[in-house]
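Take a look at the structure set out below.
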Amino acid sequence: MAHVIIGAGPAGVIAAENLRKVAPAAAISIVGDEEGPPYSRMAIPYLLTGQIDEAGTFLRKHADHFSQRNIDLVHDRVDAVDSEASQVRLAGGSTLAYETLLIATGSRPIPPPIPGIELDGVHPCWTLEDARNVARLATKGSRVVLLGAGFIGCIILESLALRGVDLTVIEMERHVVPRMLNEVPARLIEKWCAGKGVRILTATRATAINRGGSAAGLEVTLDNGETLPADLVIAATGVRPNIGFLEGSGIDTDQGVLVDRRMRSNVSNVFAAGDVAQGVDFSTGNYSVHAIQPTAADHGRVAALNMAGRDMEYQGSVIMNVLATLGLVSSSFGMWNGAEGGDAAELVEADRYRYLRLQFEDDVLVGSTSLGLTQHVGVLRGLIQGRVRLGRWKDRLVADPTRIMEAYLAATRAIGANRRIL
């Protein structure tokens, strides 16, 4: 049995390792288009702050990890998939035949449509090569303009600020991380960052990037008429699943590769996992892309078992974001912006940079948002993912959302008691 995995990120690596456990005699190949060992993009911020070196980003720490498991690492780019012939064509000119194929190609940055985005000194921050370019230019005191303050942008924001740069962040939406937080906690993050010397301009767009004068390498023109000198411009305006090479393959795609609960595509021996997979959302039952590492790990395990002939269904991806911004931690889980017709409980302590909002559907917690409150993150996720009925504790939480731990203990005790009776 020959299994080919396209993509050397967490989803692909975890899938390969799980395949080896259940299929000890199978041929397993991981195709990755970057040189060097498989690494985690989520570790790049720690690389930029000097907490780790490049080896610290590697997904597996021993150089012979994959060879010991007889997993072949192929450094090449897949140009096309022929699902009828069950083979992939590589940029180097060769082909790989497969009996099952896993597409785990992740995402790629979306360059914003700004004149000058292609100039030297303008970089994304997505790959190790990008990180090297950023580290070279983002030296202490250098002027950096960061385009985008979404989840990825805010992770990069922290790394840049800790490097001691003169940082200005441009976000075209009304507030930072708009796909994770509502305006109240987002404004608190903005105020927190301003207090630490980071300038954030929201509802603002960059309209052009030009070569600067003698005192600046680049100049960024904004739609408010301001021009910012910059030694480095970083574009962090979003990512998109890597599915371009699947054109003409017969594999159904929408935002990503459409998969069922077994991570199987419309082609019976082709699967997808991670940021490229458009699968079932735990909360809504709709099909969406959840570009987070825990989902990629879950996808990889489920896909591997089904590729090996086992039968495992995935229960769906839970929206789950935890962000640290210069020491201020925020999180959102599930239907964080609320269910139609549902109730909500909210706590705002702006002077303490604390915020908590709980979203309910009947007496079930379906979503949450928090800022500056980290002790209950696991409890919030557990209640949402367990679809735990809170009973009378729902009304108590509406009155005082900080009692979430009491509610969790009471509800889980009740479940345990009911199980003993049964």
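A compact table of results
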| quantity | calculated |
| --- | --- |
| Farthest toward positive dipole pole in the chain [+1 Lys/Arg, -1 Asp/Glu at C-beta], among V81, H290, P229 | H290 |
| Proxy reagent accessibility, fewest Cβ within 10 Å first, across E340, E247, E158, E34 | E340, E247, E34, E158 |
| Inverse of mean 1/r across different Cα pairs in the chain, Kirkwood, Å | 23.2 Å |
| Computed Rg/Rh of region 122-235, alpha carbon atoms with Kirkwood Rh | 0.95 |
| P(r) histogram, all alpha-carbon pairs of region 327-421 included - 10 Å bins from 0, percent | 17, 52, 24, 5, 1 |
| Among I114, M307, A206 - extreme Cα towards positive end, dipole of the chain, charges at beta-carbon | M307 |
| Per-residue Cβ neighbour rank within 10 angstrom, fewest leading, V379, V144 | V379, V144 |
| Extension reserve of the A350-E183 stretch, reckoned as 0.36 nm per residue once the Cα distance is removed | 58.9 nm |
| Computed [θ] at 222 nm, helices only, for the chain once each DSSP H run of length n ≥ 4 contributes -39500 (n - 2.57) | -7500 deg cm²/dmol |
| Dimensionless Rg ratio for region 225-271, taking C-alpha atoms and the 2.2 N^0.38 Å reference | 1.94 |
| Residues in region 256-278 that a label on E313 would reach, taking backbone N under 13 Å of a point 7 Å out along Cα→Cβ | 260-263 |
| Residue-wise HN-Hα coupling along region 32-45, computed from phi with Karplus coefficients 6.51, -1.76, 1.60 (Hz; x: Gly, Pro) | x, 9, 10, 5, x, x, x, 9, 9, 5, 5, 8, 4, x |
| C154, C193 arranged by Cβ crowding within 10 Å, fewest neighbours leading | C193, C154 |
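No value in this document is a laboratory result; all are computed from the given coordinates. No experiment lies behind these values; they were computed from the predicted model shown. Cβ: placed from backbone, ideal geometry, glycine included. Neighbour counts: every protein chain shown.
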